[in-house]
Structure formats: structure tokens, C-alpha cells
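Each reported figure results from applying straightforward, stated rules to the coordinates on display, with no laboratory input. Please read these numbers as outputs of a predicted model, since none were measured by experiment. Cβ placement follows ideal geometry from the backbone for every residue including glycine, while neighbour counts extend to all protein chains displayed.
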Amino acid sequence: MDDVLDVGSIGVGGYIGYTSASWETNWLGGSYGWKYTNFILGVRGSFHYPLVDNIDTYAGVLLGYNVVSAKEIGTVPIGYSASASAPIFSGYVGARYYFNEKFGAMAELGTGIAYFNLGLAVKL
């Protein structure tokens, strides 16, 4: 939706986030460690407002579902694993600078799969 508050716009899009981390060490003649995974699937709504010339500035909210799991790895089992799933609601702010009509760079600050995101932006 364009022309909100004269020059702003509202957009809606999907969100998929995944991260994984593991740690392992030698222990009692074998190895022991853990593996942590986090997966988020959701939708985002953004309000774009041009605060700076040639930069797309925006703020928005994420509504989704968060699946987290932790389990032990290695050859010396201790006997634990855990998982949890819950709805997630968070906010973010960001900016995109387009090098041409199709490609640009972006940065976001907020919650989701990470607190700070850098990346490429592509207009389809």
C-alpha cells in the first residue's frame, strides 16, 4: 500500500530463519558436547518511510512460530535433550540502499533469528 502519510508505504512478507551451533570436547576417554538449533517461520509487516534521501528506512513487526531444540552429541552420553516451541512476536528497524533498480544492501536491528542482520536486497 503506497502513499501512507504522503510518502510512506506498508508491506507484508514472509520470514524464515534458521541457526545452529554445536560444541564438543574430549571427556572421560570419549567426546561430549551439545547441539543447539533454532528455526522461525512467520510473517512480517513493515512501514517504509523515507527519512533519508536514497535510503529505504523502515520499521515493522514479526509474528511467527519459534522451534528450539538442544541435544547432546558425542560418545559419552549424559542423557539430556530439550525442545520447545512457542509463538514469537518481535519488532525491528532497518534500512536498504539500492545500488541500482534491482540490487542493494540492507541492515536490520531487532529480534528474530539474530539481533543484527546484514545482507543483500533484491527487487523481483
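Projected label points at Y36 and I73, each 7 Å from Cα along the beta carbon direction, are separated by 1.4 nanometres. Relative to the current alpha-carbon distance between A105 and A59, full extension at 0.36 nm per residue lengthens the span by 14.9 nm. For the chain, the convex hull drawn through the C-alpha positions has a volume of 121 cubic angstrom per residue.
Under 5 Å from the amide H of I88 lie the amide H atoms of G64, Y65, N66, each residue being 5 or more positions distant or on a separate chain, with H modelled from the backbone and absent for Pro and chain starts. If you run the Gaussian network model on the chain, springs between alpha carbon atoms under 10 Å, then out of S31, S20, S90 the most flexible one is S31.
Just rank F116, F89, fewest to most, by other beta-carbon atoms within 10 angstrom.
Ascending Cβ contact count within 10 Å gives the list F116, F89.
GNM on the chain, alpha-carbon springs under 10 angstrom: the most fluctuating residue among G110, G30, G74 is G30. Here the residues L63, L5, ranked from fewest to most Cβ neighbours within 10 Å of their Cβ, fall in the order L5, L63. For the range 56-64, backbone phi angles converted through the Karplus equation (6.51, -1.76, 1.60; θ = phi - 60°) give residue-by-residue couplings of 7, 9, 7, 9, x, 10, 10, 10, x Hz, Gly and Pro being listed as x.
Contact order for the chain, expressed relative to its length and based on alpha carbon pairs under 8 Å spaced 6+ residues apart, stands at 20 percent. Comparing L51, L62, L41 in a Gaussian network model of the chain where C-alpha atoms under 10 Å apart are linked, the largest mean-square fluctuation is found at L51. Using θ = phi - 60° in the Karplus curve 6.51 cos²θ - 1.76 cosθ + 1.60, the 3J(HN,Hα) couplings for the range 4-20 round to 7, 6, 6, 10, x, 8, 10, x, 10, x, x, 9, 10, x, 9, 9, 8 Hz; x is entered for Gly and Pro. Which of the lysines could a cross-linker bridge to K102, judged by Cα under 30 Å and excluding same-chain residues fewer than eight apart? Cα-Cα hits under 30 Å: K123.
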